[in-house]
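Taking it in order: structure first as structure tokens, then the write-up.
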Amino acid sequence: MSAPLASLKVLDFSTLLPGPFASLLLADMGAEVLRIESPTRLDLVRVLPPHDGGLSASHAYLNRNKRSLALDLKQPEALEVIKRLLADHDILLEQFRPGVMERLGLGYEALKAINPRLIYVSITGYGQTGPYKDRAGHDINYLALAGLASHTGRADSGPLPLGVQVADIAGGSLHGVIGLLAAVIARQQTGQGTHVDVSMTDCAFSLNAMAGAGYLACGVEPGREDQILNGGSFYDYYRTRDGRWMSVGSLEPGFMQQLCSAFGWPELAAHGLSPRPERQRALKEALQVEFEKYDFAELCELFAGIDACVEPVLSLGEAVRHPQLQARELVTQVPRGDGTAQAQMACPLKFSQGLPAPRHVGTAPGAHTDQVLEGLGFAAAQIEALRQAKVVL
């Protein structure tokens, strides 16, 4: 089956989460992704628990459908391998701090001279410029500096560490793929490649879509639990009698009427439509009292047939078994290479012509070294010499 990105060949120098998640999406959509891994510096995701059969489940997922070439970039012979790869791999994804690839002789300007069509995507915490460009950081730091943490969480307890990496994935991975594909389209018109500079902090800042717009245009500084969508209204989570939670997003009049009618007090619907804080507080308090009269299962049954934007807060295991997610086929079986398969999250993008079935889970470092080098014209003796010199694994 032909896939949407089957014509793309990507060299992936990234590790951990942002770059690998980006190249996972590309590989799932058919791009040929070759990971360039260090034979001496382990990608820490490889040892991240939990493990399935001794292998990290996260690594097996993030690196499925990708080949691996273990190459010591600090050795001069490695540059010759990269130059040969650039003959037909005209997209490069890297996640080093600014200047690292240049010091290795693999910066954009140097590689552009070899292949002018090269699309070079750099995903970093703070971007290629600015006083923080060389500073270390993680998802929680990017969200803090981008202003998101200032209006997320509870007023009395402060910001909360989120269960997903918003800056890494929504910031770095998804924007990296968007920038990469935009550059591919531009290259079709001009024949020229480009350098795409993706800062996870920049992209996280842009995710302040509503709060940021209000601040910049009107000077309204958002705080915790003082906006309609961050806990400052009835739009929130409510505890059930047995300690579970339900989500309420009944913003529109019809949904609010359905919610209030379900509890037998339709007259309170007007409170949900009022912008007055005292009315919002009254409705929120009434909802909490009402939700705590029921067990989780009772509320699930009550709202199953009501279109009120009220849904249960599911565990990951419950989400996997939910009929909607099952109908969307969001879990797939990926071959391990030994005749068995591992359950993984499927590519969430649906194409009318479908996507090819996953080929394999993430592999060992250098699992495809010989195959790749042979494809580049290296003889067996040359490959063995590179291995003996510890240029490749």
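FYI, it's all coordinate maths here, none of it is from the lab. Just so we're clear, the structure is a prediction, and the values are computed from it rather than from any experiment. When we count neighbours, we look across all protein chains shown, and the Cβ atoms used for this are built from the backbone with ideal geometry, even at glycine.
Computed values, structure above
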| quantity | calculated |
| --- | --- |
| Percent antiparallel among DSSP beta bridges (both partners in the chain, rounded to 5) | 40 |
| In degrees, nearest ten, helix 174-190 long axis to first principal axis of the chain (Cα) | 50 |
| Peptide ranges 71-83, 178-190 listed from the most packed, as the mean C-beta count within 10 angstrom indicates | 71-83, 178-190 |
| Least to most buried among His195, His271, His51 (fewest other Cβ within 10 Å first) | His51, His195, His271 |
| Cα long-axis angle, helix 18-28 against the chain (0 to 90 degrees, to the nearest 10) | 80 |
| Structure-derived Cα Rg over 2.2 N^0.38 Å: which label, when the choices are (i) 1.17; (ii) 1.12; (iii) 1.29 | (i) |
| Amide H contacts of Val334 (H built 1.01 Å from N, under 5 Å, at least 5 apart or other chain) | Gln342, Ala343, Gln344 |
| GluC sites (Glu not before Pro) restricted to DSSP loop in region 270-371 with at most 12 other C-beta within 10 Å | Glu329 |
| Euclidean distance of C-alpha centroids, region 1-53 and region 289-359, integer Å | 25 |
| Low-density loop cleavage sites - trypsin sites (Lys or Arg not before Pro) in region 253-346, where at most 12 other Cβ are within 10 Å (DSSP) | Lys293, Arg328 |
| With 5 Å bins from 0: P(r) over region 236-323, alpha-carbon pairs, percent | 3, 14, 25, 28, 16, 9, 4, 1 |
| Radius ratio Rg over Rh of region 108-237, counting only Cα atoms, Kirkwood formula for Rh | 1.09 |
| Degrees separating the helix 76-85 axis from the principal Cα axis of the chain, which is the longest one | 70 |
| Stretchable slack from Leu160 to Ala304, in nm (0.36 nm times residue separation minus alpha-carbon distance) | 48.9 nm |
